[in-house]
Structures are given as C-alpha cells and as structure tokens.
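Below: the structure, in structure tokens.
The values are calculated or read from the model by the stated rules, or taken from the named source; none is laboratory data. Please read all numbers here as calculations on a predicted model, not as lab measurements. Counting neighbours? That spans all protein chains shown, and the Cβs are built from the backbone with ideal geometry, glycine included.
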Amino acid sequence: MIFAARGIMVSLAFFALLYSFLSLLLVVAWSCLSACKRRKDLTPDALFTLRVIPFATSAAICLFLTLPSFFLLEAHSLDEDLGTFVLAGGALLFFGAGIYRVWTAETRTRRVVSQCLKGAVDLKHGAVPPAMILPRSVMPLMLVGIRMPRILISESARDLLSDAELRAAMRHETEHLRSRDNLKKAILNLLLFPGMGSLEKAWQEASEWAADDGAVSSRDEALDLAAALIKLTRHFPYQATPELATGLVSVADSVTTRVERLLAWKKSHIVRPNHWLYSAALGFTAFMCLAAKLGPALVLAHRLTERLVP
C-alpha cells in the first residue's frame, strides 16, 4: 500500500512539472501567434485542442509511462524528499481547484436558469433541442445544459424578432449544441493555468463565428441572423452569460465583427470540421498505449522521473 502511494505521489509530482512546462510553452507560443496575427486562421477545434494539449499530454505520459515504470523499476525504499511531496500537493491542488471551479460555475448557471424558468412555456413540442419561452429572463437567448440541453428564449426577444430571425438565432444555438461547446466550457474551467485567458477568449470568439457559419446556408439566412444580432444588442443591455451556457450575444465586443461577416456572407465561409484533429488525438492515444508496453520507453521515463522529481 505504501509503495503504491509512493508511485501515485511521484506520478503526480512529475505531472505537475510536465504540465507547468508544457503550459508555459503554450503561453509563449500563443503570444507569438498573437503577435504575428495568425491566430484568426485557427478554427475552434484547433484552438480547443491547443488549450487541452498540455493537460492531455501530461496525463497520458504519467498514466501510461511514469506510473508503470515506477512499479516496475523503483526500489521499495522510501527515498523521496520534501520537494516530491510539495509537487504532488501542487498537482492535487490543481485538480481540486479545477473541480471546485467547475462545480461553482455549474451552481451559478443552475441558479440563473432556475430563476429564468419560472413561468416558462414550451415553444415547440418535440424540438431538438427543446426550446422554451421565458417571461422573466434578462438574457435574450441562450443554450443551457450539457446532458439535457435546452434553448431558452426570453419573451421580449420572441416578440422583437421576426419568425425568420428567431429561426436563425435558434439554428445558431443548435450549432453550439452540435459542437458540444458547453461541455468544452466545463473542460476549460477545469484546466487552470495563468496566462491562458487570451487563448480561451479566442476560442470563444471562434466558436461564435463557427456557429454563425453553420447556422446559415444562404444570404437571406445570413441577413436574418445579422438582423437578430443587431436587434438583440440594441434592445437588451449586455448581461454576462452564465459560465456553462452559450448566448447569442455572449461575447459583446465581437458582435460588430460577426455582423460584418454575415453581411459579407459567401458559401466559402462555411467551416468544415477538422477531422484530422480527432484522428491525431486517436493516434496519439494509441501511441502512448503502445509505448507503455515497451521496456526502453519505461526505462527512459523512470530515468527522467528520477532526474526531475526530487
């Protein structure tokens, strides 16, 4: 039992070092991309993948290499010093803080939604996702929920928008559902590291653009969505969208850019999904599983652990 606890502690310490190093590299790389003004070329999937790479890589290496190499090659004598305990404690603090952040975000989102749902009525039975009209909502339109998503529309927004504009707005939120953006928001809340705010904001803006592109298939639909954005921005004071929800005007300072893109809509603006990202993730996972079975890889991982972890 003590030996297993030592293995877990050493793996956590190595995770803390590796995750911090990779995250710092990402912060520097993102700063360079921003300075070169190349970040607008990246799709939401690419931005999200960039953000989770440090965690996914660190977790995979520790799970498939560091921990097995410790059990196979480490002596059964206690030789870890205070630094190992501090690093392991830092990793546990990271996980605890991330879980607490997701829990508080979910609690605040549920509180806002519960207040809005008083007196709500279904807009259309059998719709996917379900849509509801809210007489008391201060948010014009938003998608809430991860397991049971719903589109919540304020009564004022329903009265303000034409039928075509409302359908365009609902298609926008449906695109967020297809991209699982609320789940991605929860994951980003889980992964804490200083300096990532700019990257996460860029992902949020790009996800709004992608949802706009996916919601329209003709110039008339693009104009309807642009009109909905303009009307809602003018008639509703800006309200911060709950952390685990997506709103049609959730990123206030990007509305002008979104309207300009929609007014200049062309068929080529449609963003195709980046299937190579998922293939790369699957290939990386398969590689790590294979590497875990290779003796030289385990020996190298053990040597790195002994050299880096006090």
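Summary table below
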item: Hey, Pro68 assigned to a helix (DSSP H, G or I) and modelled with pLDDT under 90 or not; result: yes
item: Residues (within 15 Å of Glu175 (Cβ to Cβ) and of a type in the set (S, T, N, Q)) located in segment 209-238; result: Ser217
item: Members of segment 198-243 that are part of a loop (DSSP other than H, G, I, E, B), at pLDDT below 90 and surrounded by 17 or more Cβ atoms within 10 Å (Cβ to Cβ); result: Phe236, Thr241, Pro242, Glu243
item: Within segment 106-129, considering residues that are under 23 Å from the mean Cα position of the chain (by Cα) and modelled with pLDDT of 80 or more, the one nearest to Pro242 (Cα to Cα); result: Thr109
